[in-house]
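The values are calculated or read from the model by the stated rules, or taken from the named source; none is laboratory data. For clarity, every value in this text was computed on a predicted model and none was experimentally measured. Cβ coordinates were reconstructed from backbone atoms using ideal geometry, including for glycine residues, and neighbour counts include every protein chain displayed.
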Amino acid sequence: MRILLPVDGSDHTKRMLAYVAAHDELLGAAHEYTFFTAVVPIPSYATRFLERVMLDGYYDEQVEQVFKPVRAFAEQQHWTYRTVHVLGHPADEIARLAEVGKYDLIVMGSHGHTSLGNVVLGSVASGVLARCKLPVLLIR
């Protein structure tokens, strides 16, 4: 099964990974995991004052901060995985990759905000649910 695991370095990501590792009986044993993160781009009005090398370094640092613990966890679990990152807004980019990559399932952590909280704060999970046709398993 091809499983897309959006990660952001939060405690919700850690809980989601622990859940996936602990529930092989639900999902089956052999999977191909893709860890995905989207870094929100710095607004263009701010980037014109930054050197490209500095900007690229910032984005690389953000990606590494998210993926380093995820890779360590995946290797400890002996998972087959790859990592993908893009610049963009998370819900849009997760949905786009899910469609293009032909995944079987998305498993992601959720903050568990109420509907009112989603309206006020926005929700990556809600955005993914609204944009995707494939199954999404949300872990709180």
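Just to be sure, is residue 74 under 27 Å from residue 99 (Cβ atoms), at pLDDT 90 or above and either assigned to a strand (DSSP E or B) or more than 17 Å from the chain's Cα centre (by Cα) (or both)?
No: the conditions fail for residue 74.
Do you know which residues across region 17-35 are under 13 Å from residue 69 (Cα atoms) and either surrounded by 15 or more Cβ atoms within 10 Å (Cβ to Cβ) or more than 19 Å from the chain's Cα centre (by Cα) (or both)? If you could, list the steps in order and put the result at the bottom.
Residues of region 17-35 under 13 Å from residue 69 (Cα atoms): 17-18, 35.
Within region 17-35, 17, 35 qualify.
Just for region 100-128: of the residues that are part of a helix (DSSP H, G or I) and under 11 Å from the mean Cα position of the chain (by Cα), which one is modelled with the highest pLDDT?
128
Can you give me the number of residues within region 49-77 that are touching a Phe, Trp or Tyr at 6+ places or on another chain (Cβ under 9 Å), of a type in the set (A, V, I, L, M) and under 17 Å from residue 10 (Cα atoms)?
So the answer is 3.
Restricting to region 40-62, name every residue that is aromatic (Phe, Trp, Tyr) and either surrounded by fewer than 10 Cβ atoms within 10 Å (Cβ to Cβ) or not in a helix (DSSP H, G or I) (or both).
45, 49
Quick check: anything in region 42-54 modelled with pLDDT of 95 or more and hydrophobic (A, V, I, L, M, F, W, C)? Don't jump to the end; show me each part of the working.
We begin by selecting, within region 42-54, every residue modelled with pLDDT of 95 or more; these are none.
No.
For region 1-21, name all the residues that are of a type in the set (S, T, N, Q) and either in contact with a Lys or Arg (Cβ under 6 Å, 6 or more places away or on another chain) or within 16 Å of residue 83 (Cβ to Cβ) (or both). Give the derivation first.
Here is the first cut: in region 1-21, the ones of a type in the set (S, T, N, Q) are 10, 13.
The one that is of a type in the set (S, T, N, Q) and either in contact with a Lys or Arg (Cβ under 6 Å, 6 or more places away or on another chain) or within 16 Å of residue 83 (Cβ to Cβ) (or both): 13.
Could you check residue 82 against (1) touching a Phe, Trp or Tyr at 6+ places or on another chain (Cβ under 9 Å); (2) surrounded by 14 or more Cβ atoms within 10 Å (Cβ to Cβ) and say which number it fails?
The failed condition is (2).
Give region 2-16 a look and list any residue that's of a type in the set (A, V, I, L, M) and either in a strand (DSSP E or B) or surrounded by fewer than 12 Cβ atoms within 10 Å (Cβ to Cβ) (or both), or say none.
Those that are of a type in the set (A, V, I, L, M) and either in a strand (DSSP E or B) or surrounded by fewer than 12 Cβ atoms within 10 Å (Cβ to Cβ) (or both): 3, 4, 5.
Which members of region 77-94 meet the condition of being farther than 12 Å from residue 37 by Cα and either touching a residue at least 40 places away in the same chain (Cβ under 8 Å) or part of a helix (DSSP H, G or I) (or both)?
77, 79, 80, 81
Which one of 97, 17, 27, 4 is at pLDDT below 95, in contact with a strand residue (DSSP E or B) (Cβ under 8 Å, 6 or more places away or on another chain) and under 21 Å from residue 134 (Cα atoms)?
Being at pLDDT below 95, in contact with a strand residue (DSSP E or B) (Cβ under 8 Å, 6 or more places away or on another chain) and under 21 Å from residue 134 (Cα atoms) holds for just one of 97, 17, 27, 4, which is 27.
Is it the case that region 1-16 has a residue that's touching an Asp or Glu at 6+ places or on another chain (Cβ under 8 Å) and not basic (Lys, Arg)?
There is at least one residue in region 1-16 that is touching an Asp or Glu at 6+ places or on another chain (Cβ under 8 Å) and not basic (Lys, Arg).
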